[in-house]
Amino acid sequence: QVQLVESGGGLVQPGGSLRLSCAASGFPFNRYSISWYRQAPGKERAFVAVVGGYDYTSYAESVKGRFTVSRDNTKNTAYLQMNSLKPEDTAVYYCNYFSGVRDYWGQGTQVTVSS
């Protein structure tokens, strides 16, 4: 079955960096886009970034220039490199895969940006 497992979250000071990973299994990883979303307390889940099958990328305006999304098809893993982190980046981060029929989500990883 499809599995998406995020890791790499944690507590970081403003201006710091984290790299999130999304390990995928159960579907042909190299054929599908992988997206990252985040959900802050009291807010709806929001799009952060996407990496396509041919390394196409797109970002939310709020993270452009600070976050970089990538993938390694040999490891069935997607990454989200987050630099210059701000307190407003605090959220649970989820990776997502849409099969054409339904969305699949990981369990999420908490990112907290605080001094």
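Here are the numbers for the structure shown:
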quantity: Segment 4-58: number of residues that are among the polar types (S, T, N, Q) and free of Cβ contacts under 8 Å to residues at least 40 places away in the same chain; calculated: 2
quantity: Scope segment 63-77; condition closer than 20 Å to Thr112 by Cα and touching a Phe, Trp or Tyr at 6+ places or on another chain (Cβ under 7 Å); matching residues; calculated: Phe67, Val69
quantity: All positions within segment 10-20 that are more than 11 Å from Leu80 (Cα to Cα), open to solvent by 30 Å² or more (accessible area, probe 1.4 Å) and not small (Gly, Ala, Ser); calculated: Leu11, Gln13, Pro14
quantity: Failed item in (1) at pLDDT 95 or above; (2) open to solvent by 60 Å² or more (accessible area, probe 1.4 Å), with Tyr104 passing the rest; calculated: (2)
quantity: In segment 13-26, the residues that are assigned to a loop (DSSP other than H, G, I, E, B) and at negative phi; calculated: Gln13, Pro14, Gly16, Ser17
quantity: Pick from segment 26-39, criterion closer than 19 Å to Tyr93 by Cβ and of a type in the set (S, T, N, Q), ranking: least open to solvent (accessible area, probe 1.4 Å); calculated: Ser35
quantity: Conditions (1) out of contact with any helix residue (DSSP H, G or I) (no Cβ under 7 Å at 6 or more places or on another chain); (2) open to solvent by less than 30 Å² (accessible area, probe 1.4 Å): number failed by Val111; calculated: (1)
quantity: Residue identified as touching a Lys or Arg at 6+ places or on another chain (Cβ under 9 Å), surrounded by fewer than 14 Cβ atoms within 10 Å (Cβ to Cβ) and under 23 Å from Gln107 (Cβ atoms) among Ala23, Ala78, Ala46; calculated: Ala46
quantity: Condition met for Phe67 (modelled with pLDDT of 95 or more, open to solvent by less than 60 Å² (accessible area, probe 1.4 Å) and within 24 Å of Gly10 (Cβ to Cβ)); calculated: yes
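A quick yes/no check of all residues on (1) more than 12 Å from the chain's Cα centre (by Cα); (2) farther than 24 Å from Val113 by Cα:
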residue	(1), (2)
Trp36	no, no
Gln39	no, no
Glu44	yes, no
Ala49	no, no
Gly52	yes, yes
Glu61	yes, no
Tyr79	no, no
Met82	no, no
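The values are calculated or read from the model by the stated rules, or taken from the named source; none is laboratory data. Predicted, not measured: the structure shown is a model, and the values here were computed from it. Using ideal geometry, Cβ is built from the backbone for each residue, glycine included, and neighbour counts are taken over all protein chains shown. In case anyone asks, the SASA skips ligands and DNA or RNA and just uses the protein heavy atoms, side chains included. Shrake-Rupley method; radii C 1.70, N 1.55, O 1.52, S 1.80 Å.
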